[in-house]
Structure formats: C-alpha cells, structure tokens
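Structure first, commentary second.
The values are calculated or read from the model by the stated rules, or taken from the named source; none is laboratory data. As the structure is a computational prediction, the values presented were derived from the model and not from experiment. Quick reminder, even Gly has a Cβ in these numbers, built from the backbone with ideal geometry, and neighbours come from all protein chains shown. To get the accessible areas, we keep the full protein, side chains included, count just its heavy atoms, and leave off ligands, DNA and RNA. Shrake-Rupley method; radii C 1.70, N 1.55, O 1.52, S 1.80 Å.
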Amino acid sequence: MNNRRLVIATSIYPPDVGGPAAYFASLRVALERRGWTIVVLIRPNFFMVAAAVRKGDTVLAHGTPRVLLAILLARAFKRFRLVVRIGGDFFWERAVEGGAFWGTLRSFYRERRFGLKARAVLWLLGRAFRSSDALVFTSELLSEIYRPLFRLDGRRVHFVVHPLPDFSRRRRISPSAFPGARLNYAGRFLKLKNLSLLLEVFATVRKRYPGLVLKLVGEGPERQSLEA
C-alpha cells in the first residue's frame, strides 16, 4: 500500500482491559515506529468513520456487530479498503457469559437455534465479511466455522495467529526450584476464560508447592465470585 495511513476501528481499547485492546494498541505502536499514521476510532458510529476516512485509506475493523454496522454505513457513501480482524465469536461468547450455553464453539453452532434478532446480526456480519477486501483470522478453527456459515471467499481469508513461545527448546524445571514463583494472569474476568477452573487447579498444585503465588490482574463481571 502506498498510503501509509491506517484507521483502526475497535470496540475495545486501553485503558479497557482485553486481548483485542492490547492487540490494537500494540499494532498502533509498531506501525507508528515504521512511519505510519494511525487513527484509532473507539466504538465508532457512522459519523466518526465518515469523518476519519480519507481517499486511499485502509480501515482495520474489529469484527464486532457495532463496529461493522458503522463501517457498512460509511462505506455506502465513501469507498475505502476494509480489513476485518476476527479473533472471537460474538454469539458464543455472549451465550457463555449469560449462562445460556456451556460448551465448545463447534458444538454451539451445531446445537444453536437463532431467533429473529440473532439472524439479523448474522446477516449484518455476513454482509460485512463478504464485502471486505480481506479477512484476518487468529485461528483456523474460526475460519473453518465461518467460511461455510457466511459463504466466505477463501481467497480473502488470511491468518495472523498469536505468537507462542517455542517450549520445545526449554528445559522443564520443577516449581520446587522456585519457592516464591509467581504465576500471573492479566485479562478480563469472564466466564469464558474459565478462571474458576484455574483457581481450583492452582489450589491443588499449591498443596505440593506451597511457595507458589497466583496473581490475577484485570476487571470484569466475574471479579466478585473469583475473589470469593
């Protein structure tokens, strides 16, 4: 791209805590160091997008209904390149958080029956995905589910996965070698993070290694229950 200007449209951004917030903030820093001009729109509406986008710009959009609705409306009046980042699933996450479902993403779409409102949101997402210039997934799992669900063109699908350390080159060290070792979690306190299971496992492990410390950093609706 000759135009080194990128508009990031996201539903979450620091100081809000969450994976997408950290991702978009880090991307902004990395691109600005390379000479890019970055404009960040947080929970944008149609007017914010229309005012921010210039000719030749590319918009990187967080793949949530609210953001994509504003993008679609703005694109009806102004042409710009659109890349949608899909790192999670709107319906499954809300069903788990609301206690309406507890299971895997695949099983959710096998068993779920969508009402009228949900089908309208599905239509919106499909329209935005199919009209985009590129779709960036963080995992092949989401792509495998979404491609038939939204009738996506595989030529527009790309993957930018989360970086993981190469554990194969590391020597396994017993926790007993670190009597005061600290394990840290930083993120949102949500049901889908399954932090209650983490606490149960940690309580079992600490019986063997009493010097271990677990620290949870973040905010969210599950904070009180986790503290209890």
Quick calc, the chain, dipole around Cα centre from Cβ unit charges on Lys, Arg (+) and Asp, Glu (-), nearest 20 debye, gives 520
Where in the chain is the longest stretch that carries no chymotrypsin sites (Phe, Trp or Tyr not before Pro) classed as loop by DSSP and with at most 13 other Cβ atoms within 10 Å? 115-228
All-pairs alpha carbon distance profile, region 185-228, 5 Å steps from 0, percent: 5, 22, 32, 22, 13, 6, 0
Calculated from backbone phi, Karplus (6.51, -1.76, 1.60) coupling profile of region 98-112 in Hz, x at Gly/Pro: x, x, 7, 7, 9, x, 6, 5, 4, 5, 4, 6, 6, 9, 6
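Which loop trypsin sites (Lys or Arg not before Pro) in region 1-107, with loop taken from DSSP, have no more than 16 other Cβ atoms within 10 angstrom of their Cβ? Write out the running numbers ahead of the final one.
On the way: sites: 4, 5, 28, 33, 34, 54, 55, 66, 75, 78, 79, 81, 85, 94, 106; in loops: 4, 34, 54, 55, 78, 79.
Listed in order of number, the matching sites are 4, 34, 54, 55, 78, 79.
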Convex hull volume per residue for the chain, taking Cα atoms only, in Å³: 173
Can you compute the helix-only [θ] at 222 nm over the chain? Use -39500 (n - 2.57) per DSSP H run of at least 4 residues, normalise by all residues, nearest 500 deg cm²/dmol. -12500 deg cm²/dmol
Can you pull the semi-axes for region 19-133, root of five times each eigenvalue of the Cα gyration tensor, sorted largest first, whole Å? 29, 18, 11
To the nearest 0.05, what FRET efficiency results for residue 202 and residue 107 with a Förster distance of 35 Å applied to their C-beta separation? 0.80
Hey, quick one: spin label on residue 127, modelled 7 Å out along Cα-Cβ, who in region 72-89 has an amide N within reach, i.e. under 12 Å? 72-76
Within the chain, what whole-number % of the accessible surface is contributed by carbon and sulfur, with the 1.4 Å probe and all protein chains included in the calculation? 56
